[in-house]
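Trainee: Dumping the structure here so I can ask a few things about it.
The values are calculated or read from the model by the stated rules, or taken from the named source; none is laboratory data. Only a predicted model underlies this, so the values are computations on that prediction, with no experimental measurement involved. Note that each Cβ is placed from the backbone with ideal geometry, even for glycine, and that neighbours are counted across all protein chains shown. Each accessible area value is taken on the protein alone, full model and side chains, heavy atoms only, with ligands, DNA and RNA left out. Shrake-Rupley method; radii C 1.70, N 1.55, O 1.52, S 1.80 Å.
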Amino acid sequence: MTDGTDVFLCYSWVDKRRADELYDALTEAGLTVFQDEPGLQDYDHISEGVDAALRSARVVVVLYTPSLPASEYCRQEMHFALLRSYRLHRSRARVLAVIQGMDIADVRPERLHHWRLPRTDSDPRTIAAQIAEYVARLGDVDSRRLGDAPDPMPAPWRTGPRRDPHELYGREFELWRIHDALFPEDDATIGGQVAAVTGPGGEGKTMLAEQYARLFADDFPGGVLGPGQAVPAPGLPYLWLVDDVPDGIDLPAFKALLAPTPEGRTLVTARHDLQGWVHPRKHIRIGGLGRSAALAALTCRWPAGSGERVARRLQRLAEDRREYGAARDVVDALGRHALALRLAAGLAGAPGFTGFRELATAVRDPDRDALAMAEQLRPRLSTDHIGSVAATVTLAVRELPEAGCDLLLVTSVLGSAPVPAALIADILADAGGLDHVATGLAEATARHLAEELPDGSLLIHPMILRAVRTLHHDDPHRQALRLAAVDTIGAWLDASWERQRPIGEPAVLLPHVAAVAAGMHDIDEWHLLNEAGRVHMKLGDSRAALDVFDRLHEVCRAGLGENDPVTLAVRLGLGTAYGLHGDHAKALSLLEGVHKALAERLGADDPDALTALNNIAVVHTSAGDHEVARDLYRQVHTARERRYGPGHPDTLDALHNLAIATGRVGDQQKALGLKKDVYDAVRSVHGDDHERTLDAYESLAVTMLELSDRDGARRIFRQVYEQHRAAPVARAATAAAAENSAAAEDDPDLVLRLLAEAYRIRVDVQGPAHPRTRRSLRSLLIGRVRGLDEAPLGAVEPTADLPGGVLPEDIRLDADDMDERIELFGLASTYYDRQLKRSGSDSTDTALALCYLAHATAALDQMDLQFDQAWVLIDNAAEGLEDDHGPDHPDTVAADRIRRWIASLGGEPA
């Protein structure tokens, strides 16, 4: 590149008068100068013409004033020039700063300090003469221009997920701040060879670190490595990348993460500040993007399929003032949060996008799901814009087409590490022969909900995974995919170690094994195991599914060893699961072994060891050993209070467990005092309306009811119930609040209304098969039967002349909870029989009783014949309710939900 100018003049439009004076002085000194005469606004992106002028210039002169750092286009110009200058020659400056109105120590990046600057109060002609002299000397030794700089060599990447380069908006100065921190110009001893990038989740810390590694690959011939990897030969510099330093880590553990040899320079990312451990000058905290960068990010896929450059699409946007104003509203509502803007960009580039005005309305007005999501994100994303960020994440997940949604559902039951595409394909195939991975990947990546890595694996941001888990927590399809994931991962690990030719490296799978194991702690997840015969035929019932997890445990033991952390994680979950299934001896054997191993390795107060001890207490509670459980809960609480302090959520959870266990051994007064302490502490942290506060308040009312303070308990239950109905929380909590409120009410009609609402909510949110839904139906049926004022309700037996003809001898008895299912069927039969006698076959109340009977019949978990019989019942009931009430009545909606469930259980409905 030979033609061009000597000088490209970079300045903020606010300093146009000063720039004109400098331009005149430079041209008088005999230099050819490019100055963008019309001037770019500080929120513009550089045009193609300006880009060409930059490439053809020999040097860039920056008129550096307090106004310049705020100019987006100036930052872009300087970044381009600095990077090209750096690649042309490490120590030969081609970016010359003329500083006015500020001290040189405040100039960033520090690389601008390379050239010996004229005095800030010098006459423009004096400055121009020195610049002309410098340019002449430079031309004598190196005639190249900025556009002649070579591209960097590919970084030898040996650690973690390496994403394809993204169009990185608005982080140009931060890249140079990282470089200044790792390669300081003044005192290399300050802070060592460590730099930290910190900031809220979703602001692009990892992306920034990876981009730095790419752009400055020439400085690290030893490659990009990370914890657990072998370092290169002595004398070969390398970049040691540590992504997402865990919260709560202590200083010795942090130091253990750093580069192990002097040749390594460490770059860490974290959500929390590390200024106590990383020197302040080497600590780069990032937040929201600048206005121009945010608009560029928002429009990166808009208009759909256009592929236009930034300057052109922002010009197009500005041509419609209303759309431009709406786009600005979106940017401001999101607080210029990087991930939220990328997701909004995916929505803007999707088929059917109607404009930024509609998007702005949706972002500014989060719905209940979004508000609930905001509460989930709040501990990790401290921003006043969290409601709008959550609304965007929720909208992006919700509007994803079916194939893309299935892809996210699979990853949501696994860990946050990259997932091999072949593993996703096998899980989907195991879950029902689904074969649309390619389509789902295209849908998810087009909307920025997923990233495909160069090795073909898939990476999902943890914030997106959290949204999927929250929005689809009770989705039966997601639960089916969890079972399929357990089966598939077990098969993969089995094949890997048996053949010693892995389908996928075990190390790639282990984070997902641990994630699946973590899902085994929650009874809400284990209810799926009772559905296994329908959604995963080869597993059969819950005991068979438990055997699959047991096999996964054995595979981990064989491949990883008895006390490997992943093996222990699986065993911890497995032991808890055995406890939930009533096998207390097996559960305690597993859990006590895990606790001993963790306590010996990590210390008795380690969080994982305390979790194991807590789960041992849970099993003792389930077995009725309440005094033993209370003593264990006390140990857990004391240890957590010592480690975390009295107000930490884990400490309060332990105190709450201790309070409940204290009540169960009969000391209700002491339990009441402990629960008051929990409530006061949680309320002071979270406020009156938070779900944790309401849970603590409700638990307090339970003990008050035990102490015969019925009026006080009723008042609290009513308050919690009304707050749950109004607050943006999961509706399953509303059902629980309704049931608790019913327990303290004296009005039989109000009790029945509350129980009916709880049942309908659980049918809708948790599904008809969920154990808690069946328990809600049981409570409702007991109330309904008692309300008929007939003979007292004693032992109930299925009547022999019911529609469909389900007889006691038709019922198999091998399910773990079959006694409860038979009791439910008996209650439903009794209620239907009595209601039929009272109201006749054509009444609405009888149709509702028939709906309950259909639900209970299908819940027996029998063969296709009984499913068909349940179908006949529900089909009649649902049609009758719709005729009497209309399609939108709550009872009609619940009946239709049960009808769709029963239709999915067997073959074609009769």
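Trainee: Just checking, does the range 621-643 include any residue being in contact (Cβ under 8 Å) with a residue 60 or more places away in the chain and either open to solvent by 30 Å² or more (accessible area, probe 1.4 Å) or closer than 30 Å to residue 249 by Cβ (or both)?
Mentor: no
Trainee: Which one is modelled with the lowest pLDDT, of the residues in the range 57-78 that are surrounded by fewer than 20 Cβ atoms within 10 Å (Cβ to Cβ) and part of a helix (DSSP H, G or I)?
Mentor: Looking at the filtered set, the residue picked out is 70.
Trainee: Tell me the residue from 784, 762, 775 that is part of a helix (DSSP H, G or I) and surrounded by fewer than 18 Cβ atoms within 10 Å (Cβ to Cβ), please.
Mentor: Result: 775 is the single residue among 784, 762, 775 that is part of a helix (DSSP H, G or I) and surrounded by fewer than 18 Cβ atoms within 10 Å (Cβ to Cβ).
Trainee: Further question on the same structure: What pairs come out if I take residues in the range 690-712 that are assigned to a helix (DSSP H, G or I) and surrounded by fewer than 19 Cβ atoms within 10 Å (Cβ to Cβ) and pair them with residues that are of a type in the set (Phe, Trp, Tyr) and modelled with pLDDT of 90 or more whose C-beta lies under 7 Å away, six or more apart or interchain?
Mentor: none
Trainee: A further question follows. Could you run through the range 210-236 and say how many residues are closer than 15 Å to residue 156 by Cα, small (Gly, Ala, Ser) and within 26 Å of the chain's Cα centre (by Cα)?
Mentor: Qualifying residue count for the region: 2.
Trainee: Can you go through 222, 202 and tell me which one is over 30 Å from residue 392 (Cα atoms) and either of a type outside the set (Asp, Glu) or touching a His at 6+ places or on another chain (Cβ under 9 Å) (or both)?
Mentor: 222
Trainee: Additional query: Looking at the range 532-587, which of the residues that are open to solvent by 40 Å² or more (accessible area, probe 1.4 Å) and either touching a Pro at 6+ places or on another chain (Cβ under 9 Å) or among the small types (Gly, Ala, Ser) (or both) is modelled with the lowest pLDDT?
Mentor: Filtering the range 532-587 for residues that are open to solvent by 40 Å² or more (accessible area, probe 1.4 Å) and either touching a Pro at 6+ places or on another chain (Cβ under 9 Å) or among the small types (Gly, Ala, Ser) (or both), the one modelled with the lowest pLDDT comes out as 535.
Trainee: Could you list, in sequence order, the residues of the range 255-270 that are open to solvent by less than 30 Å² (accessible area, probe 1.4 Å) and under 31 Å from the mean Cα position of the chain (by Cα)?
Mentor: Within the range 255-270, 259, 266, 267, 268, 269, 270 qualify.
Trainee: Which condition from (1) part of a helix (DSSP H, G or I); (2) over 14 Å from the mean Cα position of the chain (by Cα); (3) surrounded by fewer than 23 Cβ atoms within 10 Å (Cβ to Cβ); (4) among the aliphatic types (A, V, I, L, M) is the one that residue 434 breaks?
Mentor: Going through the list (1) part of a helix (DSSP H, G or I); (2) over 14 Å from the mean Cα position of the chain (by Cα); (3) surrounded by fewer than 23 Cβ atoms within 10 Å (Cβ to Cβ); (4) among the aliphatic types (A, V, I, L, M), residue 434 breaks only (1).
Trainee: Still on this structure, please answer the following. So in the range 79-102, with the set limited to residues that are assigned to a loop (DSSP other than H, G, I, E, B) and polar (S, T, N, Q), which one is surrounded by the most Cβ atoms within 10 Å (Cβ to Cβ)?
Mentor: 100
Trainee: Within the range 787-800, take every residue that is among the small types (Gly, Ala, Ser) and assigned to a loop (DSSP other than H, G, I, E, B) and give me the one that is modelled with the lowest pLDDT.
Mentor: Once the filter is applied, the top-ranked residue is 800.
Trainee: Sticking with this structure for a sec: Is there a residue in the range 457-479 that is in a loop (DSSP other than H, G, I, E, B), surrounded by fewer than 20 Cβ atoms within 10 Å (Cβ to Cβ), in contact with a Pro (Cβ under 8 Å, 6 or more places away or on another chain) and touching a residue at least 60 places away in the same chain (Cβ under 8 Å)?
Mentor: Checking the range 457-479: at least one residue is in a loop (DSSP other than H, G, I, E, B), surrounded by fewer than 20 Cβ atoms within 10 Å (Cβ to Cβ), in contact with a Pro (Cβ under 8 Å, 6 or more places away or on another chain) and touching a residue at least 60 places away in the same chain (Cβ under 8 Å).
Trainee: From the list 303, 252, which residue is open to solvent by 80 Å² or more (accessible area, probe 1.4 Å) and either more than 29 Å from the chain's Cα centre (by Cα) or not hydrophobic (A, V, I, L, M, F, W, C) (or both)?
Mentor: Only one candidate qualifies: 252.
Trainee: Just to verify a result, which residue in the range 144-166, among those that are open to solvent by 70 Å² or more (accessible area, probe 1.4 Å) and basic (Lys, Arg), is modelled with the lowest pLDDT?
Mentor: Step by step, filter the range 144-166, then rank; the result is 162.
Trainee: While we're on this one: May I ask you to say which residue of 651, 611 is farther than 21 Å from residue 574 by Cα, among the polar types (S, T, N, Q), within 30 Å of the chain's Cα centre (by Cα) and surrounded by 17 or more Cβ atoms within 10 Å (Cβ to Cβ)?
Mentor: After applying the criteria, what remains is 651.
One line per residue, one yes/no per condition, for (1) among the hydroxyl-bearing types (Ser, Thr, Tyr); (2) more than 30 Å from residue 235 (Cβ to Cβ):
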residue	(1), (2)
252	no, no
257	no, no
276	no, yes
284	no, no
299	yes, yes
306	yes, yes
339	no, yes
350	no, yes
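Trainee: Exactly one of these conditions fails for residue 203: (1) part of a loop (DSSP other than H, G, I, E, B); (2) farther than 26 Å from residue 448 by Cβ; (3) modelled with pLDDT of 90 or more. Give me its number.
Mentor: (2)
Trainee: While we're on this one: Taking the condition of being assigned to a helix (DSSP H, G or I) and surrounded by 16 or more Cβ atoms within 10 Å (Cβ to Cβ), how many residues in the range 377-403 meet it?
Mentor: Summing the residues that are assigned to a helix (DSSP H, G or I) and surrounded by 16 or more Cβ atoms within 10 Å (Cβ to Cβ) in the range 377-403 gives 14.
Trainee: Moving to a separate point now. Filter the range 412-431 down to residues that are touching a His at 6+ places or on another chain (Cβ under 9 Å) and not in a loop (DSSP other than H, G, I, E, B) and give me whichever is surrounded by the fewest Cβ atoms within 10 Å (Cβ to Cβ).
Mentor: 430
Trainee: Still on this structure, please answer the following. With (1) modelled with pLDDT of 90 or more; (2) open to solvent by 10 Å² or more (accessible area, probe 1.4 Å); (3) of a type in the set (Val, Ile, Thr) as the list, and residue 198 as the residue in question, which single condition is left unmet?
Mentor: The single condition residue 198 does not satisfy is (2).
Trainee: So, in the range 167-195, exactly how many residues are among the aliphatic types (A, V, I, L, M), within 31 Å of the chain's Cα centre (by Cα) and modelled with pLDDT under 90?
Mentor: Qualifying residue count for the region: 1.
Trainee: Something else: Has the range 369-376 got at least one residue that is open to solvent by 20 Å² or more (accessible area, probe 1.4 Å) and either outside any helix (DSSP H, G or I) or at pLDDT 85 or above (or both)?
Mentor: There is no residue in the range 369-376 that is open to solvent by 20 Å² or more (accessible area, probe 1.4 Å) and either outside any helix (DSSP H, G or I) or at pLDDT 85 or above (or both).
Trainee: Quick check on residue 313: is it in a helix (DSSP H, G or I), open to solvent by 10 Å² or more (accessible area, probe 1.4 Å) and free of Cβ contacts under 8 Å to residues at least 60 places away in the same chain?
Mentor: no
Trainee: Does the range 721-737 contain any residue that is outside any helix (DSSP H, G or I), of a type outside the set (Lys, Arg) and either in contact with a Gly (Cβ under 8 Å, 6 or more places away or on another chain) or open to solvent by less than 30 Å² (accessible area, probe 1.4 Å) (or both)?
Mentor: Within the range 721-737, one or more residues are outside any helix (DSSP H, G or I), of a type outside the set (Lys, Arg) and either in contact with a Gly (Cβ under 8 Å, 6 or more places away or on another chain) or open to solvent by less than 30 Å² (accessible area, probe 1.4 Å) (or both).
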